[in-house]
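The values are calculated or read from the model by the stated rules, or taken from the named source; none is laboratory data. Every value quoted in this text rests on a predicted model; they were computed, and no experiment measured them. Cβ: placed from backbone, ideal geometry, glycine included. Neighbour counts: every protein chain shown.
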Amino acid sequence: MSQTTTATAQSGPQPLGDREVSTSRRDNERVFRARGVTKVYDMGEVQVHALRGVDLDLYESEFTVLLGPSGSGKSTLLNILGGLDTPTDGEVHYRGGELTAADERGLTRYRRHHVGFVFQFYNLIPSLTAKENVALVTDISPDPMTPEHALDMVGLADRMDHFPAQLSGGQQQRVAIARAIAKRPDVLLCDEPTGALDITTGVLVLEAIERVNHELGTTTCVITHNAAIGQMAERVIHLTDGRIGSIVENEHQLGPRDLSW
Amino acid sequence: MRAIHRKLLRDLWQIKGQAFAIAAVIGVGVAMFITYFSTFVSLERTRDTYYDRYRMADVFAMAKRAPNHLAPRLAEIAGVSGVRTRVVADVTLDVEGATEPITGRLVSIPEARQPMINDLVLLQGRYLEPGRRDEVLVSEGFALAREIGPGDSVTAVINGRRRELDIVGVALSPEYVYTIRPGDLMPDDARFGIFWMAHEPLAAAFDMEGGFNDVVLRTMPGAQEDEVIARVDSLLEPYGGLGAMPRSLQISAWYLDNELNQLKGFGMITPMIFLAVAAFLLNVVLTRIVSVQREQIAALKALGYSNREVGFHYSAWSLLISASGSVAGVFLGRWLGLGMIGMYNDYFRFPFLAYQLSPDVVTGALLISVGAAIAGAFSSVRVAVALPPAEAMRPEPPARFRTTLMERLGLGKLLSPATRMVMRNLEKRPFRTFASVAGVAASGGLLVIGLFFLDAIDLLLDSQFYVAQRQDVTVSFVEPRSAQALHEVHRLPGVIHAEALRAVPVRLRAGHRTRQTSITGLEGDARLQRIVGSDLQARELPPNGLMMTEVLAKILGIQRGQEVTLEVLEGTRPVRRAVVVDLVDEFMGTQIYMNVDALRDLMREGGILSGAYLQIDQRFQNELYEQLKNIPAVAGVALKSAALDAFNQQMDETMGIFIFFNILFASIITIGVVYNAARIALSERSRELASLRVLGFSRGEISSILLGELAAVMLLALPLGMLAGYGFAALMVSSFDNELFRFPLAVSSRTYATSVLVVLASATLSGLAVRRRLDHLDLVEVLKTRE
Ligand SMILES: Nc1ncnc2c1ncn2[C@@H]1O[C@H](COP(=O)(O)OP(=O)(O)O)[C@@H](O)[C@H]1O
Ligand SMILES: [Mg+2]
């Protein structure tokens, strides 16, 4: 397989030039524009620098993978992009608007209308069935698909009325994906969706994500510490110690079944 | 239904046991509120309508004999809108089927029916027919107790002549809603009845032609009642006026007011205890729920639910529990209120006493229960709202434990590992431990206060009927008699011992404070009627000077050793001064005593007496009664046995129900608190306990860790509860401290023991329920779940 390194670590908050972006993507609209994003956790005596100035752009319909060792700041970055968290410093723009300037209400509206989130530990509501977990989102979205349709997309049409406790880990994660996509989000953010799963189950989950990306054209960003999954992505963003180490573009993307684990 | 609402219902169903326990506590609180306030409102409205419609007098006054031409002058007093003069006299009655003498109060009414002050409600039969001099209307209470009515007759001994009175109707009057013979503890409908009789024959029978001895007045709205009373007093003064009093001191009105105040007091305090406990339970449960559902909250927020929606979701838990409790409480309260009104219908005589549950009362109850729900939910909802979604994705850090106080003191070696775990858990959450202890203590306290009523009444009975009144019969004369009368009484059949009683009506004056009462003169070496303080010891009457109850001293604002002015309201109405030599803390009334010889000296009279106390030989009882009924000089005969019967009957009717509900409700609190504490502990520690089971601990051993915590809570709570009970009792005693009677603050060991047993039994029940769950702990399931 061929990989081309198009960018190296960015040291300052200077804007990324368009020269680093391939033609195919340059035609697409920019969805996220993050500049100098810094996150510091103040733990009293020590300060934890989770992000140390990250500049990043994500584009319409793009499939990116955020790769890095545990503790490198992946979740922190994804949470900030998803409007779950705010950076200590720096700016994040989503399409026309500035997320970092939004208040709590603004962020809630943003999450509600634009973002689909998938968590490592599924975070399904145990007292709701698969369908109801999805309905949780369709209830509050302006233009949702039906819960049945969303579950069908992840191959769980026959498990609609099962409670999370009656589903395997992979099935639960696919319910979580259905829940994330049911609102027809503009962006799908997945934090280690296969982290708690074995390979076969992981593949099913990745297939569901890929399908959403292809069929709905949802801008997708998947966190993983598993380098193999990077082969699915158009771009692989390497994060180390709170900084972007490199961004690698894949000329060809592989399907989940073809990944070499 | 929206998915989030489904979540709410399913989650609630998961904790249904706890939710039910809390709803029950709220339900009881709401029920108490509804019961007391709906009864209060029903009673108050009924009273107000009754007083208004039947023209209840505002001022009441008695005199020896005033001429009729005084009536217009009374009516002319500024602020007076109406006057009704009448003749009122107590007589001894001879009623078929009753051997003992009965007191009848004859009240004169116009011959022809007309609207009047203290008007009559004719329930049965007809009004008097003009010219028929022996017709009377009888009060409903007496008619029911004696099973008599129109067509029957009673014999009254009027001024020494026996006279048949023909009953033509049964009636009620607003001045006799509560019909109690002066000096009695409890109403006794079978032995005290009111008879309304035409004015002219009644006046004739008592040598009152052209005059009256009783007057009732209505005042205009905004009238200066004090000035009216002063004017009435000065007009009646030359005619043996006994001092006018406002409606608020009229005996029936006073009892009714007192009852209403009590209802309001109970209605305020008891529901608060229950709702405070409920708020605490909601707080504990919701805090736990929010902590367990941390990640669910984060997910909801990540999915786009706003803080408000999340906040509402968790408030709704509390509101739903409280709403279901409240609805049940409203129905329970209505039912209890109906029962209570039923009880009052036997106790108070109203022409109509309908139970009414007004929307205001229901609204009030719902508001306070919503208040409790909000108070209970507040802190945990705030946590849920403030929870940063990114933060909540990560598991909660393990709780920090520290060694317990005992261990820090170096006593750790004394504790077994299980005990150590119990202690650390209790110390880790001091607020919760404290609140659990407080909740159980509150229920213990409620039990104590409920049962304490029995103790207080027992003691009151003892003091009144066995220590103070050792006479069997008290005879009072129509007019004070000479010393010779005592010998005559002594010679009556069956009389073993007789002691003189001299009662002198006076107006006491100390500075600007005054009080009408009568001085009781007792023999210096009295063996029958004695003066008894709250220690149940008979007090010796000083040879000279006055001895009064502390209540009276407080009313007059005087102390031992000070002088008071006595304006005597009979005979030549002399004005004297006397020193208050001693005070006594009697349970009842505003008595003032004096050695009978000193009193006679003060009055400058000979061996005059107004009545006598008799100790009798029961074998001659009927003979004695028969004679007493026919002695013209005898105005009234009070029997101790009858008073005791009336008292006991009243208590039997009400106390049993009262205590049943008290125990039931207090148990609900205990169960609510203990069961919730245990369930929360189980939820928090099931992983730990399951791990111990896997390590080889037996079921018994792990349940001893969990139940040990409950035991420790009980150990702390029980003494505190008993203390709180004593405190509540003291509070109750001081709130009951009115002029007529007060309760002794003596909580028996029986009360404490019963309370402790009931609390322990409720706790054991809750413990067993949790123990069952613990025994069925699914080890695999518990250990599999991510904490
Ligand atoms: N809420 C927090 N408080 C303190 N430190 C945090 C918090 N969240 C993340 N961190 C720290 O920030 C760093 C990056 O964390 P994270 O973004 O979760 O990494 P990753 O997802 O790549 O494993 C880690 O060192 C982590 O310990
Ligand atoms: Mg992470």
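Here is how the numbers come out for the structure above:
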quantity: Any hit, segment A:181-204, residues being assigned to a strand (DSSP E or B), away from ligand 2 (no atom under 16 Å from the Cβ) and away from every other protein chain (no Cβ under 14 Å); calculated: no
quantity: Among residues of segment A:88-111, those that are in contact with a Lys or Arg (Cβ under 8 Å, 6 or more places away or on another chain) and within 11 Å of another protein chain (Cβ to nearest Cβ), counted; calculated: 2
quantity: Pair list, Cβ under 6 Å, 6 or more apart: segment A:50-79 residue farther than 15 Å from A:His93 by Cα and acidic (Asp, Glu), other residue within 9 Å of ligand 2 (Cβ to nearest atom) and assigned to a helix (DSSP H, G or I); calculated: none
quantity: From the options A:Arg109, A:Arg95, residue that is more than 16 Å from ligand 1 (Cβ to nearest atom) and either in contact (Cβ under 8 Å) with a residue 40 or more places away in the chain or closer than 15 Å to A:His49 by Cα (or both); calculated: A:Arg95
quantity: Sole exception among (1) over 16 Å from A:Met153 (Cβ atoms); (2) within 16 Å of ligand 2 (Cβ to nearest atom); (3) in contact with a strand residue (DSSP E or B) (Cβ under 7 Å, 6 or more places away or on another chain) for A:Arg235, by number; calculated: (2)
quantity: Qualifying residues in segment B:384-394 (those that are surrounded by 17 or more Cβ atoms within 10 Å (Cβ to Cβ) and part of a helix (DSSP H, G or I)) - the one farthest from the other protein chains (Cβ to nearest Cβ); calculated: B:Ala384
quantity: Qualifying positions in segment B:340-360 - at pLDDT 90 or above and exposed (fewer than 15 other Cβ atoms within 10 Å of the Cβ); calculated: B:Ser358, B:Pro359, B:Asp360
quantity: Residue under evaluation B:Arg491, criteria (1) closer than 22 Å to B:Ala643 by Cα; (2) surrounded by fewer than 19 Cβ atoms within 10 Å (Cβ to Cβ), criterion not met; calculated: (1)
quantity: Matching entry among B:Leu731, B:Leu689, B:Leu718, B:Leu707 (being without any contact (Cβ under 8 Å) to a residue 12 or more places away in the chain, on the phi < 0 side of the Ramachandran plot and out of contact with any Asp or Glu (no Cβ under 6 Å at 6 or more places or on another chain)); calculated: B:Leu731
quantity: Counted residues, segment A:65-87 - those being of a type in the set (Ser, Thr, Tyr), within 16 Å of ligand 2 (Cβ to nearest atom) and in contact with a Lys or Arg (Cβ under 9 Å, 6 or more places away or on another chain); calculated: 3
quantity: Residue tally, condition assigned to a helix (DSSP H, G or I) and hydrophobic (A, V, I, L, M, F, W, C), over segment B:145-183; calculated: 1
quantity: Pair list, Cβ under 8 Å, 6 or more apart: segment A:219-231 residue over 15 Å from A:Gln253 (Cβ atoms) and within 14 Å of chain B (Cβ to nearest Cβ), other residue charged (D, E, K, R) and within 16 Å of ligand 2 (Cβ to nearest atom); calculated: A:Ile223/A:Lys74; A:Ile223/A:Asp191; A:Ile223/A:Glu192
quantity: Filtered residues of segment A:181-219 (kept if hydroxyl-bearing (Ser, Thr, Tyr) and within 16 Å of ligand 1 (Cβ to nearest atom)); calculated: A:Thr194
quantity: Scan of segment A:237-260 for residues that are away from ligand 1 (no atom under 16 Å from the Cβ) and assigned to a loop (DSSP other than H, G, I, E, B), ordered by number; calculated: A:Glu251, A:His252, A:Gln253, A:Leu254, A:Gly255, A:Leu259, A:Ser260
quantity: Meets criteria (in contact (Cβ under 8 Å) with a residue 24 or more places away in the chain and either in contact with a strand residue (DSSP E or B) (Cβ under 9 Å, 6 or more places away or on another chain) or not in a helix (DSSP H, G or I) (or both)) for B:Glu739; calculated: yes
quantity: Odd one out for A:Val212 among (1) assigned to a helix (DSSP H, G or I); (2) in contact (Cβ under 8 Å) with a residue 60 or more places away in the chain; calculated: (2)
quantity: Hits in segment B:420-454 (condition: among the hydrophobic types (A, V, I, L, M, F, W, C) and free of Cβ contacts under 8 Å to residues at least 12 places away in the same chain); calculated: B:Phe431, B:Phe434
quantity: Condition met for A:Val222 (under 17 Å from B:Ala302 (Cβ atoms), within 16 Å of ligand 1 (Cβ to nearest atom) and outside any loop (DSSP other than H, G, I, E, B)); calculated: yes
quantity: Among (1) away from chain A (no Cβ under 14 Å); (2) surrounded by fewer than 20 Cβ atoms within 10 Å (Cβ to Cβ), the one test that B:Val285 misses; calculated: (2)
quantity: Count of residues meeting criterion [polar (S, T, N, Q), within 8 Å of another protein chain (Cβ to nearest Cβ), buried (at least 20 other Cβ atoms within 10 Å of the Cβ) and assigned to a loop (DSSP other than H, G, I, E, B)] in segment A:112-164; calculated: 2
quantity: Pick from segment A:30-83, criterion more than 10 Å from ligand 1 (Cβ to nearest atom) and among the basic types (Lys, Arg), ranking: nearest to the other protein chains (Cβ to nearest Cβ); calculated: A:Arg52
quantity: Segment B:194-224: number of residues that are under 19 Å from B:Thr92 (Cα atoms), modelled with pLDDT of 95 or more and either of a type in the set (Phe, Trp, Tyr) or in contact with a helix residue (DSSP H, G or I) (Cβ under 6 Å, 6 or more places away or on another chain) (or both); calculated: 3
quantity: Sole residue being more than 30 Å from B:Ile289 (Cα to Cα) and within 16 Å of ligand 2 (Cβ to nearest atom), chosen from A:Val48, A:Val154, A:Val92; calculated: A:Val48
quantity: Residue, farthest from the other protein chains (Cβ to nearest Cβ), within segment B:1-18, restricted to residues that are surrounded by 17 or more Cβ atoms within 10 Å (Cβ to Cβ) and of a type in the set (A, V, I, L, M, F, W, C); calculated: B:Ile15
quantity: So B:Thr85, is it over 30 Å from B:Gly240 (Cβ atoms) and away from every other protein chain (no Cβ under 14 Å); calculated: no
quantity: Looking only at segment B:299-327, and only at residues there that are assigned to a helix (DSSP H, G or I) and within 7 Å of chain A (Cβ to nearest Cβ), the one that is farthest from B:Gln18 (Cα to Cα); calculated: B:Ala302
quantity: Sole residue being more than 30 Å from B:Phe660 (Cβ to Cβ), of a type outside the set (S, T, N, Q) and crowded, with 20+ Cβ neighbours inside 10 Å, chosen from B:Ala299, B:Ala372; calculated: B:Ala299
